[in-house]
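Beneath this line is the structure, given in structure tokens, with notes to follow.
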Amino acid sequence: SWMWALGIGMGLCTVLPSLWLRQPVMVAWSTPGAAMLAASSTIGSGFSMGEAVGAFMVCAALTVLVGATGWFERVMQRIPMAIASALLAGVLARFGMNAFAAAQTSLALVLLMLGSYLLGRRFAPRYAVPLTLLIAIIFVASNADFTPAAVQFGIAIPVFTMPVFTVQAAISLALPLFIVTMASQNLPGVAAIRAAGYDMPISKLVTLTGVGTLLLAPFGAFALCLSAITAAICMGPQAHEDPAKR
């Protein structure tokens, strides 16, 4: 259910403003927020699912508040472009270094993907990433040690959970989720937008992610936010030479 809710939220919050602004607006779920929830073992250890949903809605309401009032955008305007770009670089650098760390256990796969990406960037820059992914899938599937998973296909069905609002969940879950999402996702997301040279209504976009989370939280959506990594891909010159057509 939560994947259904996040998928619907990300899709609508990406497609609708992109069509409206004619610019590549990218919305994702809060990866640091998901890591925080997993690390704290939220469900089944101190909070019920209803309390978690209530906390998600409180986090969403705070996001709407800072977006609708323009507080977040005013804070971003006070942050120098160099610092914002460094923040984005820090987010991206961690993923790049993790790729080389994986070479300790899957050296052949890492070298193959690295070579595929470099060749793709040289001869077909726009398709370098999907080609690298495709080659990696073929390599893994053809490996003698590959064991296919018993995947069952079906239509995702949303499951409604009645929210339960408690002060403890609001303080211990909603506030940390809000802070982590704003600092680790929305700030780098705005940095990606600025680095690509786009002028977007940040306050309205942040408000939209908050409204989307608020509506879909009862189905498991914990935090929608501006994307940083995907945005850096879709807003760069490799997507299209003309910024107006990205």
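Considering only the stretch 157-184, how many residues are polar (S, T, N, Q) and assigned to a helix (DSSP H, G or I)?
Counting residues in the stretch 157-184 that are polar (S, T, N, Q) and assigned to a helix (DSSP H, G or I) gives 4.
Please count how many residues of the stretch 119-145 are of a type in the set (A, V, I, L, M) and touching a residue at least 24 places away in the same chain (Cβ under 8 Å).
4
Which of (1) aromatic (F, W, Y); (2) touching a residue at least 60 places away in the same chain (Cβ under 8 Å); (3) closer than 18 Å to I229 by Cβ is the odd one out, the single condition F178 does not satisfy?
Single failed check for F178: (3).
Pairs, please: C-beta under 9 Å, at least 6 apart or cross-chain, first residue touching a residue at least 12 places away in the same chain (Cβ under 8 Å) and in the stretch 147-162, second open to solvent by less than 90 Å² (accessible area, probe 1.4 Å) and β-branched (V, I, T)?
P158/I8; T161/V53; M162/V53
Please specify each residue of the stretch 190-202 satisfying the condition of being small (G, A, S) and either in a helix (DSSP H, G or I) or closer than 20 Å to L6 by Cβ (or both).
A191, A192, A195, listed by residue number.
Considering only residues of the stretch 93-116 that are part of a helix (DSSP H, G or I) and open to solvent by 90 Å² or more (accessible area, probe 1.4 Å), which is nearest to I233 (Cα to Cα)?
Filtering first and then ranking leaves F95.
Give L205, L187 a once-over and let me know the one that is open to solvent by 30 Å² or more (accessible area, probe 1.4 Å), of a type outside the set (V, I, T) and in a helix (DSSP H, G or I).
Answer to the check: L187.
Sort out which residues of the stretch 10-37 are in contact with a Phe, Trp or Tyr (Cβ under 8 Å, 6 or more places away or on another chain) and either farther than 12 Å from T230 by Cβ or surrounded by fewer than 16 Cβ atoms within 10 Å (Cβ to Cβ) (or both), and write them in order of number.
Listed by number, the residues that qualify are Q23, S30, G33, A34, L37.
Against the conditions (1) open to solvent by 30 Å² or more (accessible area, probe 1.4 Å); (2) closer than 21 Å to F56 by Cα, where does D199 fall short? Just the number, please.
It fails just one condition, (2).
Report yes if some residue within the stretch 158-168 is under 16 Å from G33 (Cα atoms) and either open to solvent by less than 20 Å² (accessible area, probe 1.4 Å) or at pLDDT 90 or above (or both); otherwise report no.
For the stretch 158-168, residues under 16 Å from G33 (Cα atoms) and either open to solvent by less than 20 Å² (accessible area, probe 1.4 Å) or at pLDDT 90 or above (or both): absent.
In the stretch 16-30, how many are assigned to a helix (DSSP H, G or I) and more than 22 Å from P218 (Cβ to Cβ)?
Looking only at that region, the number is 5.
Assess whether L88 counts as being out of contact with any Gly (no Cβ under 8 Å at 6 or more places or on another chain), modelled with pLDDT of 85 or more, at negative phi and not hydroxyl-bearing (S, T, Y).
no
Name the residues in the stretch 217-232 that are buried (at least 24 other Cβ atoms within 10 Å of the Cβ) and not in a loop (DSSP other than H, G, I, E, B), would you?
Residues satisfying the conditions are A217, L224, C225, L226, A231.
Do you know which residues across the stretch 67-78 are touching a Leu at 6+ places or on another chain (Cβ under 8 Å) and of a type in the set (A, V, I, L, M)?
Matches in the stretch 67-78: M76 only.
Of the residues in the stretch 194-220, how many are modelled with pLDDT of 90 or more and closer than 29 Å to L173 by Cβ?
Counting residues in the stretch 194-220 that are modelled with pLDDT of 90 or more and closer than 29 Å to L173 by Cβ gives 18.
In the stretch 47-54, is there at least one residue being at pLDDT 70 or above and exposed (fewer than 15 other Cβ atoms within 10 Å of the Cβ)?
no
The values are calculated or read from the model by the stated rules, or taken from the named source; none is laboratory data. It should be emphasised that the depicted structure is a prediction, and the values quoted were computed from it without experimental measurement. Glycine gets a Cβ as well: all are built from the backbone with ideal geometry, and neighbour counts include every protein chain shown. Protein only, heavy atoms only, side chains kept; ligands, DNA and RNA dropped before computing areas. Shrake-Rupley method; radii C 1.70, N 1.55, O 1.52, S 1.80 Å.
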